[in-house]
1. Considering only the stretch 107-131, state which residues are in a loop (DSSP other than H, G, I, E, B) and under 21 Å from residue 43 (Cβ atoms).
2. Given the condition surrounded by fewer than 11 Cβ atoms within 10 Å (Cβ to Cβ) and within 60 Å of the chain's Cα centre (by Cα), answer yes or no: does some residue in the stretch 17-25 qualify?
3. Being surrounded by fewer than 19 Cβ atoms within 10 Å (Cβ to Cβ), closer than 19 Å to residue 40 by Cα, among the aliphatic types (A, V, I, L, M) and out of contact with any Asp or Glu (no Cβ under 6 Å at 6 or more places or on another chain) narrows it down to one residue among 76, 71, 97, 102; which is it?
4. Just to be sure, is residue 423 outside any helix (DSSP H, G or I) and either within 35 Å of the chain's Cα centre (by Cα) or at pLDDT 90 or above (or both)?
5. All but one of (1) at pLDDT below 75; (2) under 17 Å from residue 415 (Cβ atoms); (3) charged (D, E, K, R) hold for residue 277; which doesn't?
6. Determine, yes or no, whether residue 211 is over 30 Å from residue 33 (Cα atoms) and modelled with pLDDT under 80.
7. Residues in the stretch 182-200 that are over 28 Å from residue 13 (Cα atoms) and either crowded, with 16+ Cβ neighbours inside 10 Å or among the hydrophobic types (A, V, I, L, M, F, W, C) (or both): how many?
Amino acid sequence: MTRLRILPATVLLAVAVATIAAVVAALVSLPLIRSNAEALATAELARLADVTATSLRVDREGRYVLPPRVAGVLQAEEVTAYVVGPDAQDLPEGVSAEEVAAVTTGSGVQARAETSAGTVLVVGRPFEPGIGVILVQPSSVAGGTATELIGRLLLALVIGLAIAVAIALVAGAWLTTPLRRAADAALRLGRGERGIHVRPEGPAEVADMAEALNRLAAALAVSEGRQREFLLSVSHELRTPITSVRGYAEALADGLVVGDDVARTGSVMAAETQRLDRLVSDLLDLARLRADDFVVECVDVDLRGMLADASEVWSDRCQRADVALSVDLPASPVIVRADPLRLRQIVDNLAENALRVTPAGGVIVMTGRAEDTWGIVEVRDSGPGLASEDLDVAFEPGILHERYRGLRPVGTGLGLALVGRLAAGMAGWARAGSAPEGGAAFLVGVPLAALPPHASPA
């Protein structure tokens, strides 16, 4: 239904606008044409009255006569001339005694009167003392000129309307054809089709919309490709510990594990279940970060104190892995506005990621500082580092995991994604870069608090 209505609705709208414009032009122009035609006719009649008063003569018999040429002009214009005096009787219809008095006393007369035969124009001029000339002309003569002008105007409006309709048809097709193609492409994208390309055409705005649809289609393809890779990666991560746990459980059930091997098998199964628990927890956190019920409770947090607490835990873990941990704490408290649990989760995820890729004998650096309006946490390592093309996608779920699985130690592929989204949830940011120690550097910024703890506005 939508496709069938697009073109007619557009054309009908354009035709309606053109028709309304033509009707309004006609309604405004017709009274102006009529009044202008009457004014021109009255002016022409006044000119004839001046000529008549100038040309009027008295013959030998005492009659007032006009030259044949002037009389012919009056007859052609359907003008009746009257010579009146102050005592004139039986005045022609439409001529009043006041007008006769004005003419005979030397004044000009110009009026419009209603008669039984219709509207007439009356113009009078003095001829000689006590004598005047009055010309009477039906207004229909002036109306004939107006009718001719109105006919020409209406013809011009009809021609203009026809041209407008033709332009509307062409412009409607030019405008709606690419719109219809864009709408079809959007519907196909909504149905799940990919690889759709819309040819940019038509007006610049419509062409821009086609370009935007093409970019959307490309972005959807990339996003869904990443989702597929992520799901494959997660399914692989889930399958490995599940297979391990199932194998050991079957071995225990079949009595194949005895003696001291029972404790070792239980330890392995516990480690695998912890790995599963962490993976599921990360997946739930990622899902909740996109949901409306995920709450981040930001309060004033001392970044220096939080890093000091975290360093005590991670120094022990790094020592067991033969990795040096260097902690550079700020000289004074750095008060940030953040969720303390989520901020610690960010530090732990970054430290976990660094410890996993740092070889024995390497170093991990954990620092905190205030910079501009941000409190910044930085975790660097001396591991294999990241390629330049990894930096923009470091916080996307599963991207680095998929690239480096089998090449270096990798986790679930979700830790850095959680870091990026937790930072954004606290109105902050996360960036990846290269560390001077030779490995990767991860920086997270959260807003500095407006006031230090226990302070109050002045």
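1. Those that are in a loop (DSSP other than H, G, I, E, B) and under 21 Å from residue 43 (Cβ atoms): 107, 108.
2. Taking the stretch 17-25 and keeping what is surrounded by fewer than 11 Cβ atoms within 10 Å (Cβ to Cβ), we get 20, 24.
Filter again for within 60 Å of the chain's Cα centre (by Cα), leaving 20, 24.
Within the stretch 17-25, one or more residues are surrounded by fewer than 11 Cβ atoms within 10 Å (Cβ to Cβ) and within 60 Å of the chain's Cα centre (by Cα).
3. Values: 71 fails: closer than 19 Å to residue 40 by Cα; 97 fails: closer than 19 Å to residue 40 by Cα; 102 fails: closer than 19 Å to residue 40 by Cα.
Answer to the check: 76.
4. It is false that residue 423 is outside any helix (DSSP H, G or I) and either within 35 Å of the chain's Cα centre (by Cα) or at pLDDT 90 or above (or both).
5. (1)
6. Judged against the criteria, residue 211 is not a match.
7. Of the residues in that region, 2 qualify.
This table checks each residue for (1) under 30 Å from residue 25 (Cα atoms); (2) in a loop (DSSP other than H, G, I, E, B); (3) touching a Phe, Trp or Tyr at 6+ places or on another chain (Cβ under 7 Å); (4) among the β-branched types (Val, Ile, Thr).
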residue: 154; (1), (2), (3), (4): yes, no, no, no
residue: 157; (1), (2), (3), (4): yes, no, no, no
residue: 171; (1), (2), (3), (4): yes, no, no, no
residue: 181; (1), (2), (3), (4): no, no, no, no
residue: 195; (1), (2), (3), (4): no, yes, no, no
residue: 199; (1), (2), (3), (4): no, yes, no, no
residue: 206; (1), (2), (3), (4): no, no, no, yes
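The values are calculated or read from the model by the stated rules, or taken from the named source; none is laboratory data. These numbers were taken from a predicted model, which means no experiment stands behind them. We place every Cβ from the backbone using ideal geometry, glycine too, and count neighbours over all the protein chains shown.
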